[in-house]
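Chemist: There's a structure below that I have some questions on.
The values are calculated or read from the model by the stated rules, or taken from the named source; none is laboratory data. Computed from a predicted structure; not experimentally measured. We place every Cβ from the backbone using ideal geometry, glycine too, and count neighbours over all the protein chains shown. Heads up: the accessible areas ignore ligands, DNA and RNA and are worked out on the full protein's heavy atoms, side chains in. Shrake-Rupley method; radii C 1.70, N 1.55, O 1.52, S 1.80 Å.
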Amino acid sequence: LKMSWFWFYLSLHLLMATSLCHSIKATTTSSQQSFKTDLFNFYHSLTLADGKETTIHLLKDIPKRYYFILEEGRVLAPFSITVTPCDVPIEWSILVYKSPPGFPGKATAGDHDTQEVSKSQKAPSMVSTIFNYKGNSVETYMGMSSHSALYLLEFLSTERDTHITVYLTTDTTSGHLYPELPMDPRIDVIGVGHTTVTLTWKHSPSVLQHRESIQYCLLVNEKHNYKSLCAAETAIRSSGMKLPPTLALSLSPYLLEPQQVMILSNSELSIINKVSSGEVRQVCMGTKNTYTVPSLSPSTQYYFDVFIVNLLTNASAAYTGTFARTLEEPEPKVTELKDGKVIHVVLDGKKQKFYSLQYQARHKKIHFTFQLCRGQIRVHITRNGKTVASENLSGLRYLSLKGKLLDTYLVQLRSTEESTSSVKVQASPHFHKPLFPLLPESLKIKSFSKLRTCRSVTIAWLGTQEESKYCVYRKRIEEDQIWRELQSADRCSGPESRHKSEKVLCKYFYDLNLQRAVTTETIKGLEAGTFYLFDVYLFGPSGIPVRYHSKVVKTRKKC
């Protein structure tokens, strides 16, 4: 500090000492008491760094103070202060301290006593409040400073403990820490669908100047808009999530929590957080200023915030947030179910996730049969608008429901994955004439390792108490084809889809004692050290087959 500020600070500290020792006379005026309080505030404040963003933690109802002075040599020096609340609204103000006229010349080394300080104290014009604000918006104060002025910033949170960021700069001519917003910082909603919302916004001037270090990041949630990226990250953390430092939003491969999903496609980073208040998504899309948010829920209100982020400094600026409600899901087309007729339903998980079937009962008791062919499907059945069954399908499933004549049943099928799913459905009042054969307890095929040779394998499967036809098929496959063959298998397809050369044999068998309803078969004529895919088809009275779970077995290399 230069000499004038040295004497000013020394006077302030001496004044504090004399105040604590009760050496100030009882005739002190109210303005003098106020000034002593201001000096006490200064005495217990911290220095605010110039040109650096400072994070400040605030305890509830406990003010925190920072001061700064500007370099001398200029009569007027421009400066700006930006305060970003990261959670609840706060109160903050700027006070300016000006040294009294002629003060620097009054004091000399070795000749400075309390009488001089008392004279200085009698100048109430030394302290004034030039700015105050209460709220949770990002606020910037710009002013001009005299070289003989000292500034005190006071921050207070009255709701709860929180933190804020403060940025002070005296270099207002060469660039900004925060990216610039356009003159119109609003986000426009230009399209709304059942599961999508399309947004656009005006380009930031910073994108044109620093395209490689600037990018847009979008935050989507179902709660409310956020006025800063800092506030958004704080809200997500408070809901139980742990985020990487200023996430963004830098495309770094941070480790995610179990409730988070990271998706990187077409140079866009998406992070989805599953929180109690709904889904929170963060998407960074480079410098594109139009974006369609996919995979939203129908008839749901979403809030959208766009942040322009400087990847070099992690500083960001927020556009004015917006919101939109997705359209209600259209009523699915309803297909009528007729007695005994089988309907094969195919659901494309990406395009059509729902399918509805309607059945009007002509008997009190109704039997529904579902054969899951591929993928994962959930069935939901209502009778006259009330739910009577809801479950995930697996293999072959029979559901018997009892109601009244002319009851209306609505069967809704939903794919639970994005790949194609399919199922066969039948409704009938005649359970004694089922379309599908009687099934064993398990549809698994077992192989016996000890009975394997270089040229043969032995397999076994369960039968039933009903005489039925069983056909065995084999297929040679490569090791790298196993997973694809097992995943893509259509469990509803019959032997007609197989090549004739793959057929091994067909046989009939049954046993009234289920404990003995097991059959084995040794398949010969195989090649050594080779993988084979085995399938067993069960045919009932109607001739419609049920496919057992495929089994892959490798013959021995050496015997």
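Chemist: Scan segment 269-294 residue by residue and report those that are within 28 Å of residue 184 (Cβ to Cβ) and either in a loop (DSSP other than H, G, I, E, B) or at pLDDT below 55 (or both).
Modeler: 269, 285, 286, 287, 288, 289, 294
Chemist: Sort through 478, 466 and tell me the only one that's acidic (Asp, Glu) and within 28 Å of residue 341 (Cβ to Cβ).
Modeler: Just one listed residue meets the conditions, 466.
Chemist: Could you check residue 403 against (1) surrounded by fewer than 19 Cβ atoms within 10 Å (Cβ to Cβ); (2) modelled with pLDDT under 85 and say which number it fails?
Modeler: Answer for residue 403: the failing condition is (2).
Chemist: Next up: Enumerate the strands (runs of 3 or more DSSP E) found wholly within segment 441-559, keeping only those where 2 or more residues are in contact with a Cys (Cβ under 9 Å, 6 or more places away or on another chain) and open to solvent by 30 Å² or more (accessible area, probe 1.4 Å).
Modeler: 503-509
Chemist: Just give me the residues in segment 346-368 being in contact with a Phe, Trp or Tyr (Cβ under 9 Å, 6 or more places away or on another chain) and surrounded by fewer than 20 Cβ atoms within 10 Å (Cβ to Cβ), in sequence order.
Modeler: 346, 358, 360, 365, 367
Chemist: To continue, here is another question. Mind counting the residues in segment 174-216 that are polar (S, T, N, Q), in a loop (DSSP other than H, G, I, E, B) and closer than 25 Å to residue 294 by Cα?
Modeler: 3
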